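Report on the structure given below.
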Amino acid sequence: MRQEKNPFISIVLPVYNESAGIGETLTVLANYVRARPERYELIFVNDGSTDDSADQIRAAMAKNPAIRLVDFSRNFGHQLAITAGIRYASGDAVVVMDADLQDPPRVIPEMLARWREGYDVVYGKRRKRSGETWFKKLTAEMFYRLLKAVTSINIPVDTGDFRLMDR
């Protein structure tokens, strides 16, 4: 069991052309962080966006010192953006979530509770894959089955990138 009374939590969000929704994400997460007892940093990793996503994040940084930006010169891909954010993070634990709020911040306290119980990795699992095509659902299911068949890593189905990891 972890005893940290006031842990420092890093939230990593890969961003690629999220201009239409990044303002809402910034507002929702800033309000979430303000209402929580833990200390937070919000690390947005701009993966070479060609829109004004990075500019919106920079504007928010001027108002909120908890917001950080890792700004790639070009698109390196989702997984490398996540990796860079994790490397940049300085928290006791790191939460990875999508910048479009598909992953609800309201679940983070439950993830933190499991982390405090001693779990090193806590996955956020989707209840249903709404808004995805049948092909996307099929390929996701095939991916998880293949992963389970060829490795000893047990990643639950429909977890995606939403997770908390101990540092």
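A short reminder: the numbers here are calculations on the coordinates, not readings from a lab. Predicted, not measured: the structure shown is a model, and the values here were computed from it. So basically every Cβ, Gly included, is an ideal-geometry build from the backbone, and we count neighbours across all protein chains shown.
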key: Relative contact order for the chain, counting Cα pairs under 8 Å that sit 6 or more residues apart, in percent   = 27 percent
task = For n ≥ 4 DSSP H runs only, could you compute -39500 (n - 2.57) per run for the chain, divide by its residues and tell me the 222 nm figure to the nearest 500?
result = -12500 deg cm²/dmol
inquiry  = Counting only other residues whose beta carbon sits under 15 Å from that of GLY23, what net charge do I get with K and R as +1, D and E as -1?
reply    = -4
task = Considering only lysines 8 or more places apart in sequence, or on different chains, count the pairs in the chain whose C-alpha atoms sit under 26 Å apart.
result = 8
task = Between beta-carbons, use under 11 Å as the cut-off and find the net charge around LEU101, counting Lys and Arg +1, Asp and Glu -1.
result = -4
request  = Please work out, to two decimal places, the log10 of the ratio I(q)/I(0) at q = 0.11, 0.19 Å⁻¹ from a Debye calculation in which every Cα of the chain carries one identical scatterer.
outcome  = -0.47, -1.32
message = Could you order the peptides 23-31, 60-68 from most to least packed, using the average number of other C-beta atoms within 10 Å per residue?
response = 23-31, 60-68
ask   = Using the beta-carbon distance between THR139 and ASN17 and R0 = 25 Å, what value does 1/(1 + (r/R0)^6) give for FRET efficiency, to the nearest 0.05?
value = 0.65
